[in-house]
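For reference, the structure discussed in these notes is given below.
The values are calculated or read from the model by the stated rules, or taken from the named source; none is laboratory data. Keep in mind it's a predicted model, so treat the numbers as computed, not measured. All Cβ positions, even for glycine, are placed from backbone atoms using ideal geometry, and neighbour counts span all protein chains on display.
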Amino acid sequence: MIGDRWALLVVRELIFGPKRFAQLRSGLHSVSPNVLSLRLRELESAGVVRRGMLAPPASVAVYELTGRGRALEPMLLELGRWGSKEPINSSRELTADAFLVALKSAFDVSAAPAGDVIFELDIDGETFHVMVSGGSLDIMRGRHGHPAVCLRGDARTMRSIAFGREPIAAAERARRLTVTGDWDLAEVFTRMFPVGHAEPSART
């Protein structure tokens, strides 16, 4: 059901919420329209994906995971953890969804803030909310509630600060990142994914 080329990557691109066909193609880079259409039909037939319509006035077809499809998330995260041990041989930047799967794979509950916190990430103009509650981390596409802190930047910058390769203050000074809200929680966010972590930065 998910062993053909692109099938599991389609699941990855839908793990955080529905997407239109054009958004899926953008996230999957070199997939052809015909191959993507075929995979979507096969995944629909398997009960992994379903096709729906956005409410008017948009009235555009979208694809989303069924419960059966969402049940694949633990496997995606384990594959992410396995892959994180290997060197990156591609210069191509992660898509927003691939980056967020990587975040979930690297999440360290011991570094999470106390209580319930919502972080908002705007990655290349696409918004996600990251909810930390009871030692778990959930991510969904779109805005939700009242986030404690919002971080806005491109995928490369988000990956750099989340995985400790660059201090938040440096990305802000370079105008590649905008932080609004609780700065201390923004720093906590960068410590929740300990992959080659850098020292916390002082805001200047």
For the range 46-73, what are the residues that are among the aliphatic types (A, V, I, L, M), in contact with a Gly (Cβ under 7 Å, 6 or more places away or on another chain) and either in a loop (DSSP other than H, G, I, E, B) or surrounded by fewer than 14 Cβ atoms within 10 Å (Cβ to Cβ) (or both)?
V48
Filter the range 16-45 down to the residues that are at pLDDT 95 or above, under 15 Å from L72 (Cα atoms) and surrounded by fewer than 19 Cβ atoms within 10 Å (Cβ to Cβ) and list them by number.
E44
From the residues in the range 1-15 that are more than 16 Å from R68 (Cβ to Cβ) and in contact with a helix residue (DSSP H, G or I) (Cβ under 6 Å, 6 or more places away or on another chain), which one is surrounded by the most Cβ atoms within 10 Å (Cβ to Cβ)?
E13
Positions within the range 1-21 being in contact with a strand residue (DSSP E or B) (Cβ under 9 Å, 6 or more places away or on another chain) and among the small types (G, A, S), in sequence order
G17
Does L185 count as in contact (Cβ under 8 Å) with a residue 40 or more places away in the chain and farther than 25 Å from E73 by Cβ?
yes
